[in-house]
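Beneath this line is the structure, given in structure tokens, with notes to follow.
The values are calculated or read from the model by the stated rules, or taken from the named source; none is laboratory data. Keep in mind that what you see is a predicted model, and the values were worked out from it rather than measured. Neighbour counts run over all protein chains shown; Cβ positions are idealised from the backbone, glycine included. SASA here: full protein model, heavy atoms, side chains in, ligands and nucleic acids out. Shrake-Rupley method; radii C 1.70, N 1.55, O 1.52, S 1.80 Å.
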Amino acid sequence: MKKYFLILFLFIAGPVVSQDLRTARKMVNELTSKTMWGRGYTNNGMSKAADFICSAFKAYGLSPMNGTDFKQPFTFPVNTFPGKMQVTVNGKKLSPGKDFIVMPKSTGKMAKGKFEQEDSVTFTNTNERVVAILKNKLTWSVAPLQDDFTGIEINKKAIKDIPLNFEIDIENSFIPEFNTANICGVVKGTAKPDSVLVITAHYDHLGGMGSKTYFPGANDNASGISLLLSLAKYYAANPQPYTMAFICFAGEEAGLIGSKYFTDHPLLPLEKIRFLINVDMVGTGETGITVVNATIYPREFSLLNQLNDKNKYLKKINSRGKAANSDHYFFTEKEVPAFFIYTTGGISAYHDVYDKPKTLPLTEYQDLFKLFVDFNAALMNK
Ligand SMILES: [Zn+2]
């Protein structure tokens with residue numbers, strides 16, 4: 001009998017919510033698939049990801065934040081590489097993404113020539129306006145503008161000698177007004193619908209570099225979108241006293257463009273936001289999480305720690321100050337209380353072709369889910 005009560009007690013006191021990892025894994029796989037082409041600027045990658053999120057919001061039963069449409073459209077300029085991406089150095093054809101990357105602001109170029117050495121890692125051809133830099137690690141990004149030269153970064157391990165001869169064929173297309181959208185949904189509050197708790201994550205990544213290579217962005221930020229969708233599903237099925245809002249931003253990798261647009265054109269009054277959690281790169285967690293803005297919101301940070309200590313979710317919660325390193329930033333600038341949370345430890349692939357779903361551990365996915373549900377509940381009960 002005693003045992004029965006103990007089991008019953010554990011059942012009641014234990015997590016009433018659990019998020020199965022299989023679903024999370026499925027979402028990450030979908031978001032990092034070839035079809036979505038790195039959720040970027042070529043092959044309609046970003047817009048396919050947007051549609052995927054809209055369908056999920058609709059299926060869960062969320063309402064559009066603006067009343068009519070989950071999408072908040074906007075445009076921005078971006079430099080893209082839709083076609084040829086060939087680099088040969090010293091007679092060796094290099095593999096895009098692994099052996100070399102094109103500098104994000106580069107113009108396209110078809111040329112052949114000799115390099116001049118500038119220093120131990122820099123090589124140029126001024127006539128063709130080509131520069132090559134040797135790197136220990138290749139880290140790609142996206143640029144909203146274009147330079148008047150072509151740059152390549154070469155993995156030091158990919159070539160044996162100093163680069164002397166090169167042959168490149170790189171196609172480039174600068175898009176002055178790339179069309180995209182933030183995806184914004186809500187679950188209306190049952191008691192205080194004018195108070196809002198917000199979860200945000202960016203769904204864009206770097207997209208494709210040429211027609212054969214794309215950057216999957218599993219940790220950055222298929223992990224965050226997957227966690228956001230799990231929470232959206234949970235809250236749609238369990239409406240809360242406050243309105244729960246979910247925003248998936250576009251254009252983060254090009255310079256926090258989607259979140260800047262939202263804070264300049266908010267679909268809900270920013271002063272109604274009681275708290276916002278932005279998740280970006282939450283697919284690991286072996287050593288815990290880091291909380292940006294922890295020092296600005298010490299009370300909320302201590303609440304997060306209390307809940308974590310009580311339930312033993314994460315190994316450690318690291319505190320960090322203000323930083324302009326993800327989509328929480330422009331909310332913070334408008335005095336919206338916000339944390340940016342990312343996991344630490346585990347794999348370190350970042351902005352490269354190795355940020356893949358297969359090697360993403362999702363170590364703390366379920367714990368984070370539970371911690372956020374507890375945290376939001378505590379904020380509403382105060
Ligand atoms: Zn990111």
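Couple of notes before you dig in:
- Within region 204-261, the set of residues being within 16 Å of the ligand (Cβ to nearest atom), among the aromatic types (Phe, Trp, Tyr) and touching a Ser or Thr at 6+ places or on another chain (Cβ under 8 Å) comprises 249 only.
- Selection status of residue 195, open to solvent by 10 Å² or more (accessible area, probe 1.4 Å) and within 16 Å of the ligand (Cβ to nearest atom): no
- Residue in region 325-332 that is within 30 Å of residue 102 (Cβ to Cβ), under 21 Å from the mean Cα position of the chain (by Cα), part of a helix (DSSP H, G or I) and within 16 Å of the ligand (Cβ to nearest atom) present: yes
- Residues in region 53-70 that are open to solvent by 50 Å² or more (accessible area, probe 1.4 Å) and either on the phi < 0 side of the Ramachandran plot or not assigned by TED's automatic domain parsing to the domain that holds residue 182 (or both): 55, 58, 59, 60, 63, 66, 68, 69.
- Residues that are assigned to a strand (DSSP E or B), open to solvent by less than 10 Å² (accessible area, probe 1.4 Å) and not aromatic (Phe, Trp, Tyr) within region 274-299 comprise 276, 277, 278, 279, 288, 289, 291, 292, listed in sequence order.
- Filtered residues of region 198-214 (kept if among the charged types (D, E, K, R) and surrounded by fewer than 24 Cβ atoms within 10 Å (Cβ to Cβ)): 212
- Matching option when the condition is under 13 Å from the mean Cα position of the chain (by Cα), modelled with pLDDT of 95 or more and open to solvent by 10 Å² or more (accessible area, probe 1.4 Å), among 217, 255, 224, 251: 255
- Residue in region 146-156 that is within 16 Å of the ligand (Cβ to nearest atom) and of a type in the set (A, V, I, L, M) present: no
- Taking (1) in a strand (DSSP E or B); (2) more than 16 Å from residue 41 (Cβ to Cβ); (3) charged (D, E, K, R) in turn, residue 271 satisfies each apart from (1).
- Some residue of region 309-324 being crowded, with 20+ Cβ neighbours inside 10 Å and within 15 Å of residue 224 (Cβ to Cβ): no
- Hits in region 87-107 (condition: over 30 Å from residue 255 (Cα atoms) and either outside the structural domain of residue 135 (by TED's automatic domain parsing) or open to solvent by less than 30 Å² (accessible area, probe 1.4 Å) (or both)): 89
- Residue within region 358-371 that is exposed (fewer than 14 other Cβ atoms within 10 Å of the Cβ) and either of a type outside the set (Gly, Ala, Ser) or within 26 Å of residue 30 (Cα to Cα) (or both) present: yes
- Any chance residue 302 is assigned to a strand (DSSP E or B), of a type in the set (Ser, Thr, Tyr) and more than 15 Å from the ligand (Cβ to nearest atom): no
- Subset of region 26-74 [farther than 23 Å from residue 234 by Cβ and of a type in the set (A, V, I, L, M)]: 36, 46
- Sole residue being within 20 Å of residue 217 (Cα to Cα) and among the aromatic types (Phe, Trp, Tyr), chosen from 329, 313, 354: 354
- From 159, 170, 175, residue being open to solvent by less than 10 Å² (accessible area, probe 1.4 Å) and either more than 16 Å from the ligand (Cβ to nearest atom) or not small (Gly, Ala, Ser) (or both): 170
- Each residue in region 211-259 was checked for being polar (S, T, N, Q) and assigned to a helix (DSSP H, G or I), and 6 pass.
- Residue match in region 341-355 (condition: assigned to a loop (DSSP other than H, G, I, E, B), in the same structural domain as residue 25 (by TED's automatic domain parsing), within 16 Å of residue 224 (Cβ to Cβ) and small (Gly, Ala, Ser)): yes
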